[in-house]
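Visitor: Here it is: the structure, laid out below.
The values are calculated or read from the model by the stated rules, or taken from the named source; none is laboratory data. Because the structure is predicted, anything quoted here is derived from the model rather than measured. Here Cβ is always computed from backbone atoms with ideal geometry, including for glycine, and neighbour counts include all displayed protein chains.
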Ligand code: AMP
């Protein structure tokens, strides 16, 4: 089936209603476009657990701060259509900014707690923008399931909180991070990197691997794990570390010592030149 592009919320809702009435299971994959293999893996995963897959493509101004890269965020609509269709999507919901935020729009969904740390410190309004747009994308596409990437780890916790707190009847699937062969997590923003910066950025996944190895060999001291991350990141001179931290993978709490049965997430955000990159890995006790 050829990919169908939908621009209006009302049209999207009608299609979703019809799909639901004919007993179809709807899966949604929210994206900001400039799709790569990471997005494709989410779309493919959605096809395995739903009958009709909707990819949403919306560069959401509400989740960018004034000093961020909204205006230069990369876009390639034709290529996105091709990648979405090849990965198995049936619909591409690509509304305009005016369609999503018409004159008079005044609602913000704000989630407390887990949004305050890490990304929340550097991007204080980011998760309000994410929660609000994802709620709107959900009411437009009426999915049974939604698929997100572990690449944006804190975001996955925010979405799960949103769904639980608002009683949204949607099952959330999280898919592993897809990486370049050298280890760099795929990201639409990697296109900003020069080839030299691309090579430098490999330090991020290397640092996380060292910390994962340390916890695997029994280290539960948070400060020591953080030092492993920092020391390896700082082998790069021109790196600006926003955070490089081990935390409880479920709560993002930062105890002095992790307990034996804690799942631990290593979260990293750095700037290389003017490009901000995030990555993470989760260590599970068994
Ligand atoms: P974005 O278009 O960057 O907003 O991402 C849309 C979705 O794709 C989010 O759920 C991301 O976590 C996910 N995603 C982005 N990069 C990757 C990746 N390298 N591997 C897996 N999922 C990803």
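This table checks each residue for (1) closer than 20 Å to residue 151 by Cβ; (2) free of Cβ contacts under 8 Å to residues at least 24 places away in the same chain.
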| position | (1), (2) |
| --- | --- |
| 167 | no, yes |
| 172 | yes, no |
| 179 | yes, no |
| 188 | yes, no |
| 212 | yes, no |
| 224 | no, yes |
| 256 | no, no |
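Visitor: Answer yes if at least one residue in the range 33-49 is away from the ligand (no atom under 13 Å from the Cβ), in the same structural domain as residue 144 (by TED's automatic domain parsing) and farther than 27 Å from residue 183 by Cα, and no otherwise.
Guide: For the range 33-49, residues away from the ligand (no atom under 13 Å from the Cβ), in the same structural domain as residue 144 (by TED's automatic domain parsing) and farther than 27 Å from residue 183 by Cα: present.
Visitor: Here's another thing I want to ask about it. So for the range 68-85 (the condition being more than 14 Å from the ligand (Cβ to nearest atom) and over 20 Å from residue 6 (Cβ atoms)), does at least one residue qualify? Outline the logic, then answer.
Guide: To start, the set of residues in the range 68-85 that are more than 14 Å from the ligand (Cβ to nearest atom) comprises 71-72, 78, 81-82, 85.
Then drop every residue that is not over 20 Å from residue 6 (Cβ atoms), which leaves 71-72.
Yes, the range 68-85 contains a residue that is more than 14 Å from the ligand (Cβ to nearest atom) and over 20 Å from residue 6 (Cβ atoms).
Visitor: Got a number for residues in the range 256-286 being more than 22 Å from residue 220 (Cα to Cα) and touching a strand residue (DSSP E or B) at 6+ places or on another chain (Cβ under 8 Å)?
Guide: 6
Visitor: Moving on. Given the criterion farther than 16 Å from residue 100 by Cβ, surrounded by fewer than 19 Cβ atoms within 10 Å (Cβ to Cβ) and in the same structural domain as residue 56 (by TED's automatic domain parsing), identify the matching residue among 156, 115.
Guide: 156
Visitor: Can you say whether residue 170 is assigned by TED's automatic domain parsing to the domain that holds residue 240 and within 15 Å of the ligand (Cβ to nearest atom), as far as the supplied structure shows? Outline the logic, then answer.
Guide: On the way: assigned by TED's automatic domain parsing to the domain that holds residue 240: no; within 15 Å of the ligand (Cβ to nearest atom): yes.
Here the answer is no, as residue 170 does not meet what is asked.
Visitor: Mind checking which residues of the range 239-256 are surrounded by fewer than 17 Cβ atoms within 10 Å (Cβ to Cβ), touching a helix residue (DSSP H, G or I) at 6+ places or on another chain (Cβ under 7 Å) and assigned to a strand (DSSP E or B)?
Guide: Selection gives 241 alone.
Visitor: Given the structure, is residue 229 away from the ligand (no atom under 16 Å from the Cβ), over 24 Å from residue 116 (Cβ atoms) and outside the structural domain of residue 114 (by TED's automatic domain parsing)?
Guide: no
Visitor: Being out of contact with any strand residue (DSSP E or B) (no Cβ under 6 Å at 6 or more places or on another chain) and over 23 Å from residue 46 (Cβ atoms) is true for just one of 115, 132. Which residue is that?
Guide: Exactly one of 115, 132 is out of contact with any strand residue (DSSP E or B) (no Cβ under 6 Å at 6 or more places or on another chain) and over 23 Å from residue 46 (Cβ atoms), namely 115.
Visitor: Looking at the range 23-30, can you tell me whether even one residue there is closer than 23 Å to residue 124 by Cα and either within 15 Å of the ligand (Cβ to nearest atom) or surrounded by fewer than 22 Cβ atoms within 10 Å (Cβ to Cβ) (or both)?
Guide: The answer is yes, given that some residue of the range 23-30 is closer than 23 Å to residue 124 by Cα and either within 15 Å of the ligand (Cβ to nearest atom) or surrounded by fewer than 22 Cβ atoms within 10 Å (Cβ to Cβ) (or both).
Visitor: Six or more apart or on different chains, Cβ under 9 Å: which pairs go from a residue in the range 235-252 that's under 10 Å from residue 270 (Cα atoms) to one that's loosely packed, with under 13 Cβ neighbours inside 10 Å? Could you list them?
Guide: Pairs found: 242/121; 243/121.
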